[in-house]
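Right, one structure below, let's go through it.
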Amino acid sequence: MIYAELVKARATRSVWWLGAIAALSCVAWAVVDVQLWLGDRPDDHAIESAYSMAQQGYLFTMIVGVLLVAGEYRHQTITWAFLVSPRRSRVVVAKLAICGIVGLIVGLAAAVVTAGTTAVLLAAGGHPVFTAGVPLALLGSVASTALWTVFGGALGALVRNQTAAVVVAFVWFFYAEWFLVMLVPAVGRWTPTGAAKAVSGWTRDATPVAGNLLPMWAGGLVFLTYAAVAAVLAGMTSTRRDVT
Amino acid sequence: MNHLGKSFGRVRAVDDLSFTVPPGQVTGFLGPNGAGKTTTLRMLLGLVRPDAGEALVDGRRYADLPAPVSVVGAVLEATAFHPGRTARVHLRALCLAAQLPGARVDEVLDTVDLASAADRRVGGFSLGMRQRLALASALLGDPAALVLDEPANGLDPEGVHWLRGFLRAFATDGRTVLVSSHGLAELARTADRVVVVNHGRLVAEGSVAELGGDDLEDTYLDLVRGTR
């Protein structure tokens, strides 16, 4: 079943276009970071932050997850999946697993191009190219990207309508979450974005949550909990509905 | 179908509907648009949850069948394909999900005469080609029964002729066919038996001969008008 979903995902071009956009946006963030924010004498932390720009395509990778699941409803291909496997929860679990795999691939690609760009720019600026924390920053970024895709998949399974899911995500991540964190900074580390940033070891001061993040593992757990809650809610509501 | 019922909002789409589909015959499922045909078929396939009664295949609910696609093949609306995927990818994914041998993909493509278009994206398919692909999907599991919802839609006369021959042969083989249609003349030539519904209720059930044979259209119109 998981392999079947992988065959479908591989053949869906929009998924890979969005993945490429995600990776390119990471590169753009890395350029901005090194050129504008790094300063003249970056410490180890700043160097690692430049590398952790590899997770900055997260909104795109989340939409990849939305597409992978809600796209099946949009094109009514979910009918075929449910005909083959009337136990619908299995279909949803297989789809979320695929989201994780696709997210991992996109995350790895983003990490490679971002690391390459960052290293070249650091060297050109006469800065140290490598610190002991760089591998962890890149690994965290890859993990964060994969989790974002699973999160998007769970959101897509819950909302079912592709456009509505993207709008919900847009409203939450660009407005609601920001206002919330500005009003009550203490919740910043517990929001989806805060938790995901913790996974990547993010420290750059570009969001209200910076400097106040959970440990990497705790962030991962919190973020996975969000995805799991969305998936379980989807299993209890959306996936039970009639397919017409 | 056993006292099957389903409401959408205030509309009673299917109401206390009971009938049986025997093997070895083509059973036509007739009724005007909105009579509840599609809803009934979707309840049979476990896609829509009935709020009364039950729809059973070989005495079991579809969802309880261990290998459902090897028992019932379903041809539902012909638009249900991802436009960016090729016919082969669509079939291959279904094969994998149903744990069927991959060789079935080429076999069913040959059966529906779609092998030459196997690697084209479905987005560029005509309605007739989509219908053929839907039939190919339904045949993957080599099922003992076929359920088809308006399969002749979009088929050209040659395609309709081919489909009629295919369904006849499938039933002659001892298998079961349930095919919904509002194409009366076509169904009179394809089906052995017909089940007529209107407003979600059973109006008539019997062999084509019993219901007027070539005059099926007159009988049908009388039935449907009588229950309006």
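The values are calculated or read from the model by the stated rules, or taken from the named source; none is laboratory data. Just so it is clear, the structure is predicted and the values come from calculations on it, not from any experiment. All Cβ positions, glycine included, derive from the backbone under ideal geometry; neighbour counts span all protein chains shown.
A few comments on the model shown:
- Members of the stretch B:48-63 found to be touching a strand residue (DSSP E or B) at 6+ places or on another chain (Cβ under 9 Å) and within 9 Å of chain A (Cβ to nearest Cβ), listed by number: B:Val48, B:Arg49, B:Arg61, B:Tyr62
- Note on the stretch A:38-146: enclosed helices (runs of 4 or more DSSP H) holding 2 or more residues that are more than 19 Å from the chain's Cα centre (by Cα), within 14 Å of chain B (Cβ to nearest Cβ) and modelled with pLDDT of 90 or more are A:78-84.
- Qualifying residue in the stretch B:97-120 (condition: within 8 Å of chain A (Cβ to nearest Cβ), within 27 Å of A:Ser89 (Cβ to Cβ) and not charged (D, E, K, R)): yes
- Looking only at residues in the stretch B:59-79 that are β-branched (Val, Ile, Thr) and in a strand (DSSP E or B), the one that is farthest from B:Ser181 (Cα to Cα) is B:Val72.
- Members of the stretch B:68-79 that are at the interface with chain A (Cβ under 7 Å from one of its Cβ atoms) and either under 19 Å from A:Val15 (Cβ atoms) or modelled with pLDDT of 90 or more (or both): B:Pro68, B:Val69, B:Ala74
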